[in-house]
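Notes follow once the structure below has been shown.
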Amino acid sequence: MFGISILVVGLILSLSSIQDEENEEQTFEREIDGKTAFWVLYGSGLPFAFTDDELSTLQNNKDIVVINPIFTQVAYREGGFYDYFRQECSEKCLTLDVGEQWDKPTLHSSAMGIRIFEELGWDMVNDLEVYKNPSLLDNYKKIILPHNEYVTKEMFEAVTSHPNVVYLYPNALYAQVDYDEDNNSITLIRGHSYPEKSIANGFEWKYDNTHPYEYDKHCDSWEFYKIDNGFMLNCYPEGLIITEPKLLKKIIDL
């Protein structure tokens, strides 16, 4: 109906703010060509509702690469950095095994965005791959940066030196971690009030947009603004990205 392609992808998410009971029904809507289209999602999963023309524009953009924030996912897990920040754990919680703990993205590691980019077939690399080979980003005309809050110096330099980056989630490039190849672990080095409370951004990055944009989860007045090597979004789009194809189209057009 209305030329709509509806793709419903079953996905079990460990999201604190977006988590459904097994049979809970959620109804979403959007306007297409002056008409309101509805689609229903049962249980856990992600809704997609794009017109055929939108899909043809959005799919298989091989000039774009998304960086999956696996180090940030590791940092937020139980027994990780935030246990230390809450003074519930010693500095031992600032060194974490990477392992395979990053195979289940959460709200903090852009779960909604990552799943949509995967479904659309956009190329994706992760933090570890960029750490090992920063030059791989040179193969793409545009980088999409989700909530990559915790990154290595190598990754920070690779991203900030690229000429066209879409900083899709505020609070990216916020704190510096080191990666230990022998132990496959990350350690917080600087940032997020560590090792001193006065230290906010670990790279002293002038374009840090954590405050106030990270805390705007509604994105009622979303827009991108220009910085020297790309564009930044003025809100945290984890909810917006599942219902607003215009956001994805804008990413392509930037």
Each label point is 7 Å from the Cα along the Cα-to-Cβ direction; what then is the distance between the points at Tyr215 and Asn164, in nm?
3.5
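Is the C-alpha gyration tensor of the range 64-188 telling us rounded, prolate or oblate? Criteria: a/c under 1.5 is rounded; beyond that, a/b larger than b/c is prolate, otherwise oblate. Mind dumping the intermediate values first?
Working: a/c = 1.90, a/b = 1.54, b/c = 1.24.
Prolate.
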Relative to the present Cα-Cα distance, how much length would full extension add between Asp97 and Tyr82 at 0.36 nm per residue of separation?
3.9 nm
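Expected output is a single nm value to one decimal: the length gained when fully extending between Glu157 and Cys89, i.e. 0.36 nm times separation in residues minus the C-alpha distance. What is it?
Numbers: separation 68, 0.36 × 68 = 24.48 nm, distance 3.09 nm.
Extra length available between Glu157 and Cys89 comes to 21.4 nm.
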Extension gain from Asp228 to Asn183, taking 0.36 nm per residue of separation minus the Cα-Cα distance
12.6 nm
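Suppose R0 equals 41 Å. What FRET efficiency, 1/(1 + (r/R0)^6) with r the Cβ-Cβ distance, do Ser56 and Trp205 give to the nearest 0.05? Could the numbers behind the result be given before it?
On the way: r = 37 Å, r/R0 = 0.90.
For R0 = 41 Å, the calculated efficiency reads 0.65.
Read-outs: derived from the displayed coordinates by stated rules, not from any lab. This structure is a prediction, so every number in the text was calculated from the model and none was measured. Please note: Cβ atoms are built from the backbone with ideal geometry, for glycine as well, and neighbour counts cover all protein chains shown.
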